[in-house]
Amino acid sequence: MARLLSLKKLLLVYFVMSTGALLWLILNFGLFCHTSSKEEETLLTKTRELRHWEERLRRRERDLQKKPQQDASLPTIYAIMPTHTRHVQKAELTRLAQTFLHVKNFHWILVEDSHSRTDLVTSFLASCGIKYTHLNIKTPEDYQLKETDPNWLKPRGVEQRNVGLQWLREHLDEDSDKGVVYFADDDNTYSLQLFDEMRQTRGVSVWPVGLVGGMRFERPVVEHGRVVRWYTYWRPERPFAIDMAGFAVNLQLILENPQAKFELRVRRGYLESSLLEHLITMDELEPLADNCTKVLVWHTRTEKPKMKQENQLIQLGRPSDPRIEV
Ligand code: UDP
Ligand code: MN
């Protein structure tokens, strides 16, 4: 704490001095008009350098302010999240990071759908202030969704979630690590209350999901404290007619059942069932969110931004500056 304080003081002194120096430079600019062009150039380079260091220090200070919240008595929430490169990716990750920063003992397992880990996600994670693991696996060609395919045609993020599960099994210990595993999409919207709820999961817990399945919400129907059927339009007879965002699994159960994973070759709507069938039966499910009457997660989808003018500029040979990350 004392070190943090003295670091803050040091930064403050640095800012006051560097801002003062800059002001002095600006106010006395006239003086330099008489200097030679070589001196002028050096001065400009130095000013630029100063600005660069100032920006770096400011960034460091911002990173120091982002402190992951910890409480040793609580189980960790391991959020496995597939993600893929597209224009809105950094915006989505920023939005989510700013939610997850408020969640105690949170471990973000971000799995890129790519042959290697990208620079964008690598530097994003390094400064996001959240505990994370960065993995990648490319979806096999035959299972990739084409530009013109409707989004329900093939399941997405399957291999990425399986790689996340594999990481848990290789790095965590059944006896000493206490946790809850959640499968998050990078475009959904999560209430902080959802994480408080799921932290109690002993086996598999379930709750409603908003804006999904072409309905306002889908939900497990609870009678006398037990899940008895699924409120959904599309095939309610599925073993677990529930969206990926609507359940969490205790880490113990994942580690005890190493064969349990998502099936890539699966009929539409059966992806969630392909994992859960290995782990639990319907009557053992733990209904959360006030007996599954509250919506705390929304299956939002982000509109694909139009790039008409951007593409026109490319054709004109005047593309936008690739050094500016969006
Ligand atoms: N995803 C992926 N590769 C893809 C398409 C999607 O890894 O080619 C990820 C995506 O970033 C998201 C998850 O898989 O975290 C689910 O995809 P999406 O949100 O598009 O599916 P939907 O919400 O429509 O079911
Ligand atoms: Mn989604």
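The values are calculated or read from the model by the stated rules, or taken from the named source; none is laboratory data. Note that the structure is a prediction, hence the values are computed from the model and not measured. No Cβ is skipped: glycine too gets one built from the backbone with ideal geometry, and neighbour counts run over all protein chains shown. Ligands, DNA and RNA are stripped out before the accessible areas are found, and what is left, the full protein with its side chains, is counted by its heavy atoms. Shrake-Rupley method; radii C 1.70, N 1.55, O 1.52, S 1.80 Å.
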Starting from the range 298-326, keep only residues that are within 30 Å of Tyr190 (Cα to Cα) and of a type in the set (Phe, Trp, Tyr), then list their pairs with residues that are open to solvent by 90 Å² or more (accessible area, probe 1.4 Å) and outside any helix (DSSP H, G or I) whose Cβ atoms are within a distance under 9 Å, requiring at least 6 positions of separation or different chains. Trp298/Leu211
Only residues that are of a type in the set (S, T, N, Q), within 13 Å of ligand 1 (Cβ to nearest atom) and either under 28 Å from Arg59 (Cβ atoms) or surrounded by fewer than 12 Cβ atoms within 10 Å (Cβ to Cβ) (or both): list them for the range 102-152, please. Ser114, Thr118, Asn136, Asn151
Tally of residues being away from ligand 1 (no atom under 16 Å from the Cβ) and either within 23 Å of the chain's Cα centre (by Cα) or exposed (fewer than 10 other Cβ atoms within 10 Å of the Cβ) (or both) across the range 296-311: 4
Failed criterion for Asp283 (all others in (1) within 16 Å of ligand 1 (Cβ to nearest atom); (2) of a type in the set (Asp, Glu); (3) in contact with a Lys or Arg (Cβ under 9 Å, 6 or more places away or on another chain) hold): (1)
Expected single match for in contact with a helix residue (DSSP H, G or I) (Cβ under 9 Å, 6 or more places away or on another chain) and more than 16 Å from ligand 2 (Cβ to nearest atom) among Asp119, Asp113, Asp173 is Asp173
Selection from the range 116-170 of residues that are of a type in the set (D, E, K, R) and part of a helix (DSSP H, G or I): Asp119, Glu141, Asp142, Glu159, Arg161, Arg169, Glu170
Unique match (being more than 16 Å from ligand 1 (Cβ to nearest atom) and either acidic (Asp, Glu) or in contact with a helix residue (DSSP H, G or I) (Cβ under 9 Å, 6 or more places away or on another chain) (or both)) among Ile324, Ile254, Ile314: Ile254
Can you pull out every residue in the range 205-226 that is in contact with a helix residue (DSSP H, G or I) (Cβ under 8 Å, 6 or more places away or on another chain) and either without any contact (Cβ under 8 Å) to a residue 60 or more places away in the chain or surrounded by 22 or more Cβ atoms within 10 Å (Cβ to Cβ) (or both)? Ser205, Val206, Trp207, Pro208, Val209, Val212, Glu218, Arg219, Pro220
Checked Arg202, Arg219 against criteria (among the basic types (Lys, Arg) and assigned to a strand (DSSP E or B)); the one match is Arg219
Mind listing whichever residues of the range 155-190 are surrounded by fewer than 18 Cβ atoms within 10 Å (Cβ to Cβ), within 15 Å of ligand 1 (Cβ to nearest atom) and more than 17 Å from the chain's Cα centre (by Cα)? none
Consider His87 against the criteria (1) part of a loop (DSSP other than H, G, I, E, B); (2) within 14 Å of ligand 1 (Cβ to nearest atom); (3) closer than 29 Å to Asp196 by Cβ: it satisfies all of them except one. Which criterion is unmet? (3)
